[in-house]
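Structure, as structure tokens:
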Amino acid sequence: MNSWSDSRGPFLCAIPKFPALGMKKEIGAYVAGFLFAVGWWMFIDGIILSTTYKELPVFIGIEDYVSGIIATLGMIIVSSIDPSLLDDDSMTFGGSGVAKKARALLFVGMTAMGGGIAGSISILCIKYIAAGVDSSYFYLGIAPVVQNVAILLSSAALWLSRSSESDIHYDLLRG
């Protein structure tokens, strides 16, 4: 005879099992690709829109491109790291230090994406808000911010979908 805790757990309502959860890695990859494409699409849309204005109050220069390129390089760095490499190495002094190197590389990639966001926000503030540009031109400054945030979210979605193992289940209630 099954007891109440064996069949239902501590919750009164059972959480349904979705068939799509078996495809978590594929769905995560699609979401990451979608967010990455939306980010670059917003930026390219802003650049193309800037060519339609007769007189643009700000100059679209290399500083507008650099933050997105750096964030994209950060995403490539973060995506190239295998999440299993972040586990601790052996506690001996003769270890290979793979985990430390992987963590350092992860830090560099995340810092690049954070720097991309910070750079695009500073461009928005300096070139558009502080300069007193008309608000109809703000989209040209908001597009790189959206681009970099979308790249960061894309990297997070890809990382979470790759690092969550669907094969391993932890049952904390059954000691």
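The values are calculated or read from the model by the stated rules, or taken from the named source; none is laboratory data. Not measured: the values here are computed from a predicted model. Neighbour counts are summed over all protein chains in view; Cβ atoms, including those assigned to glycine, are modelled from backbone coordinates with ideal geometry.
Hey, among the residues in segment 141-164 that are at pLDDT below 90 and not basic (K, R), which one's farthest from F43 (Cα to Cα)? Walk me through how you get there before you give the answer.
Of all residues in segment 141-164, those at pLDDT below 90 come to 159-164.
With not basic (K, R) added as a condition, the list becomes 159-161, 163-164.
Numbers: W159: 23, L160: 25, S161: 26, S163: 29, S164: 31 Å.
Here the answer is S164.
As an exercise: evaluate T52 against (1) out of contact with any Asp or Glu (no Cβ under 9 Å at 6 or more places or on another chain); (2) closer than 14 Å to G141 by Cα; (3) of a type in the set (S, T, N, Q) and give the number of the one condition it does not meet.
(2)
For A102, state whether it is in a helix (DSSP H, G or I), of a type in the set (A, V, I, L, M), under 17 Å from the mean Cα position of the chain (by Cα) and surrounded by 13 or more Cβ atoms within 10 Å (Cβ to Cβ). I'd like the intermediate steps shown before the answer.
Numbers: in a helix (DSSP H, G or I): yes; of a type in the set (A, V, I, L, M): yes; under 17 Å from the mean Cα position of the chain (by Cα): no; surrounded by 13 or more Cβ atoms within 10 Å (Cβ to Cβ): yes.
Answer is no for this residue.
Condition check ((1) over 22 Å from the mean Cα position of the chain (by Cα); (2) more than 15 Å from L153 (Cα to Cα); (3) modelled with pLDDT under 85) across all residues:
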site	(1), (2), (3)
D6	yes, yes, yes
F18	yes, yes, yes
F36	no, no, no
D87	no, yes, yes
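For segment 46-68, which positions are surrounded by 15 or more Cβ atoms within 10 Å (Cβ to Cβ) and either of a type outside the set (A, V, I, L, M, F, W, C) or farther than 19 Å from V133 by Cα (or both)?
Within segment 46-68, G46, S50, E63, D64, V66, S67, G68 meet the criteria.
Of P10, P83, which residue is under 16 Å from the mean Cα position of the chain (by Cα) and modelled with pLDDT under 85? Show your work before the answer.
On the way: P10 fails: under 16 Å from the mean Cα position of the chain (by Cα).
Just one listed residue meets the conditions, P83.
Taking I77, is it under 19 Å from G33 (Cα atoms) and buried (at least 16 other Cβ atoms within 10 Å of the Cβ)?
On the way: under 19 Å from G33 (Cα atoms): yes; buried (at least 16 other Cβ atoms within 10 Å of the Cβ): yes.
The answer is yes for I77.
Can you tell which of G109, G119, G132, G114 is surrounded by fewer than 13 Cβ atoms within 10 Å (Cβ to Cβ) and either in contact with an Asp or Glu (Cβ under 7 Å, 6 or more places away or on another chain) or of a type outside the set (A, V, I, L, M) (or both)? Outline the logic, then answer.
Working: G109 fails: surrounded by fewer than 13 Cβ atoms within 10 Å (Cβ to Cβ); G119 fails: surrounded by fewer than 13 Cβ atoms within 10 Å (Cβ to Cβ); G114 fails: surrounded by fewer than 13 Cβ atoms within 10 Å (Cβ to Cβ).
Result of the check over G109, G119, G132, G114: G132.
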